[in-house]
Each structure stands twice: as structure tokens, then as C-alpha cells.
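Every number in this text was worked out from the coordinates using simple rules, so none of it is lab data. Please read these numbers as outputs of a predicted model, since none were measured by experiment. A quick note on method: Cβ atoms are made from the backbone with ideal geometry, for glycine too, and the neighbour counts reach across all protein chains shown.
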Amino acid sequence: MKKYCLLVLLFIPLSTLIRAQDLNLFKKEWIIQNGDTLPYRILLPDAYDSSRSYPLVLFLHGRGESGSDNEKQLTHGAKLFVTDSFRKKYPAIVVFPQCPANNYWSNVQAVTEGSKNGKRVFYFIPGGEPTRAMQGVMGLMENLQARFRINRQQVYVMGLSMGGMGTFELVRRMPGTFAAAIPICGGANPATASKLTGTSWWVFHGEKDDVVLPVNSIQMVNALRKLKGKVKFTLYPEANHNSWDPAFAEPELMKWLFSQRKKPGSTNK
């Protein structure tokens, strides 16, 4: 009898953990715009109430999760949002779009050295038309705000690597939309910083990153600080490109994110 009771006690937290990490809570949907299809996964709060407004979190994945399966984009970061503790404390609508394999979130050029698969240097284009993937995300954002009651003071964007680059660009292209942004191992053109100061930032990078060099984040942080932008910067001394794992483990990450509010009438410059 004692053994049976022990097994029951052990089983309860294990089952809770399994349920907490059930990525099937993210519903599969697709949006079609101008002949292009953008897959995305959407997580609604527990006991979702259509008459109530909720914060919105958009997450942009990295290059390795591109495709059309509407699965891979949940590889990194999605488990943050399905834990019981998160869902109870921060009821929010969370969306993970998936970038096509032949496209990119941001308007960036990658120049390789030595061979096609050699070391890459990124050149961020400060203007120009958005990529098809970025157009899809912008259309998705407008669609979500039309379909759901979104708290306009609590719209957030996060992204890693290619998605970190996309995070900077999406904030620039949708001024006045985002209360806070979290780009991880990304980057942008520092000349665009003046259009980003209406948003609060927490920027992450690994100091040993040899895929997307940390200078890409450092330059953006310096440019934002020069303009008195509200920005936090965490540079992990021992992290390479995978700086998202320590970033996701930051105990204050979600508390910081959901504490940010967009003041009515405020906008990026």
C-alpha cells in the first residue's frame, strides 16, 4: 500500500509536467494573403473569454525552423508558454508564424567568405520593401487584432537569430504597435534606431557567437541608448549562437515582458 501511494505521488507531478509541455495546445492555422500562405500556431488562454481583452505575444523563429510543416517553429521557445504557471499568471494570446524556407523575416543580405557555406557577414538594409514573409507577418498582426480583443497596450514581439533580426524590423515597420520587444542573437541597421525608441527592449546575445556576431546587437543597443531608448542588454560571456536557452531561463523574463505597457497615443518616431 505504501508503494502504491508513493507511485501515485510521483505520477502526479510527472503528469502535470507532461501536460504543461503539450505543444498541441497551439492550434494550427494558415493565413492566405496575395496568393501567399503563412502557417502559424496560436495559443489561446485557459478559459478563453471572447468578451475580454488579452495581451498578444508574437514569436519569430530562427532560420533552422523555416518551412511549411507548421510544426518546426515551435522548436525553441514554445514551451515557455504552455507551462501551468505561465498560463495561470499571464493569460495571453501567443502566436508562432513559420517563415517559408526560401524567404527571410528581415531585409538583410548575408555575404559568405571562402565558400557558399563559409562564415557569414550580415548587411541590414535600412529601407526598401518588406520581404514576402514580413508582409505575411504584418498581415497576420492586422488579422489577429481584427479577430480578437487584443489589449493594445500589451502587444509584444520576441525572436531569435533570423527572428531576432525580424523583431527589430517588425517594430520599425509597425510603429506604435509593440510595447516591448525581445530580440535574441539578432541585429539590425543602427541607422533605424530612431524609429524604435517608442518600444521597450531587452536584447540578448552570446559573446562567443560566431554565427551572428554579437556586434550586431551591441551596435543596436548603443544606438538606442544614445537616443535615450528604454533598453536592457544581456551579453552571456560563455554562450555561442544558442543564447536563447539562457535567455529563456531568465527568471525575470516574463515578469519584465508583461510589465511593459504602451502608453495610449505613443508611437515610434
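All conditions in (1) within 17 Å of P183 (Cα to Cα); (2) more than 13 Å from the chain's Cα centre (by Cα) hold for G62, with the sole exception of (2).
The test for being under 20 Å from P246 (Cβ atoms) and assigned to a helix (DSSP H, G or I) does not hold for M158. For region 76-118, name all the residues that are in contact with a Ser or Thr (Cβ under 8 Å, 6 or more places away or on another chain), over 29 Å from R173 (Cβ atoms) and part of a loop (DSSP other than H, G, I, E, B). Within region 76-118, just G118 meets the criteria. When region 226-245 is examined, which residues are found to be farther than 12 Å from W202 by Cα and of a type outside the set (A, V, I, L, M)? K226, K228, Y236, P237, E238, N240, H241, N242, S243, W244, D245, listed by residue number. What tally of residues in region 220-263 results from selecting those that are touching a Phe, Trp or Tyr at 6+ places or on another chain (Cβ under 6 Å) and exposed (fewer than 13 other Cβ atoms within 10 Å of the Cβ)? Residues in region 220-263 being touching a Phe, Trp or Tyr at 6+ places or on another chain (Cβ under 6 Å) and exposed (fewer than 13 other Cβ atoms within 10 Å of the Cβ): 0 in total. Quick one: which of A110, A92 is without any contact (Cβ under 8 Å) to a residue 24 or more places away in the chain, touching a Phe, Trp or Tyr at 6+ places or on another chain (Cβ under 6 Å) and not basic (K, R)? That would be A110, the only listed residue that is without any contact (Cβ under 8 Å) to a residue 24 or more places away in the chain, touching a Phe, Trp or Tyr at 6+ places or on another chain (Cβ under 6 Å) and not basic (K, R). Remark: Y104 falls outside the filter, which requires a residue to be without any contact (Cβ under 8 Å) to a residue 40 or more places away in the chain and of a type outside the set (A, V, I, L, M, F, W, C). Please verify whether region 151-172 includes one or more residues that are more than 24 Å from L43 (Cβ to Cβ), surrounded by fewer than 24 Cβ atoms within 10 Å (Cβ to Cβ) and in contact (Cβ under 8 Å) with a residue 24 or more places away in the chain. Within region 151-172 (the criterion being more than 24 Å from L43 (Cβ to Cβ), surrounded by fewer than 24 Cβ atoms within 10 Å (Cβ to Cβ) and in contact (Cβ under 8 Å) with a residue 24 or more places away in the chain), the answer is yes, since at least one residue qualifies. Check region 252-267 and report whether any residue there is in contact with a Pro (Cβ under 6 Å, 6 or more places away or on another chain), closer than 26 Å to P126 by Cα and in contact (Cβ under 8 Å) with a residue 12 or more places away in the chain. Yes: one or more hits.
Yes/no per residue for (1) over 21 Å from Q219 (Cβ atoms); (2) among the basic types (K, R); (3) in contact with a Cys (Cβ under 8 Å, 6 or more places away or on another chain):
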{"site": "F86", "(1), (2), (3)": "yes, no, no"}
{"site": "P91", "(1), (2), (3)": "yes, no, no"}
{"site": "P97", "(1), (2), (3)": "yes, no, no"}
{"site": "R120", "(1), (2), (3)": "no, yes, no"}
{"site": "I125", "(1), (2), (3)": "no, no, no"}
{"site": "P130", "(1), (2), (3)": "yes, no, no"}
{"site": "G136", "(1), (2), (3)": "yes, no, no"}
{"site": "T167", "(1), (2), (3)": "no, no, no"}
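Let's see how each residue does on (1) aromatic (F, W, Y); (2) free of Cβ contacts under 8 Å to residues at least 24 places away in the same chain; (3) under 21 Å from T37 (Cα atoms); (4) in contact with a Gly (Cβ under 7 Å, 6 or more places away or on another chain):
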{"position": "G136", "(1), (2), (3), (4)": "no, no, yes, no"}
{"position": "R147", "(1), (2), (3), (4)": "no, yes, yes, no"}
{"position": "G176", "(1), (2), (3), (4)": "no, no, no, yes"}
{"position": "N216", "(1), (2), (3), (4)": "no, no, no, yes"}
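Taking helices (runs of 4 or more DSSP H) as the structural unit, those lying wholly within region 190-269 and holding at least 1 residues that are over 22 Å from E169 (Cβ atoms) correspond to 244-248, 253-259. Answer yes or no: is there a residue in region 122-132 that is under 21 Å from D210 (Cβ atoms) and surrounded by fewer than 15 Cβ atoms within 10 Å (Cβ to Cβ). Looking for residues that are under 21 Å from D210 (Cβ atoms) and surrounded by fewer than 15 Cβ atoms within 10 Å (Cβ to Cβ), one finds at least one in region 122-132, hence yes. Residues in region 43-59 that are part of a strand (DSSP E or B) and over 13 Å from the mean Cα position of the chain (by Cα) were compared, and the one that is nearest to A181 (Cα to Cα) is P55.
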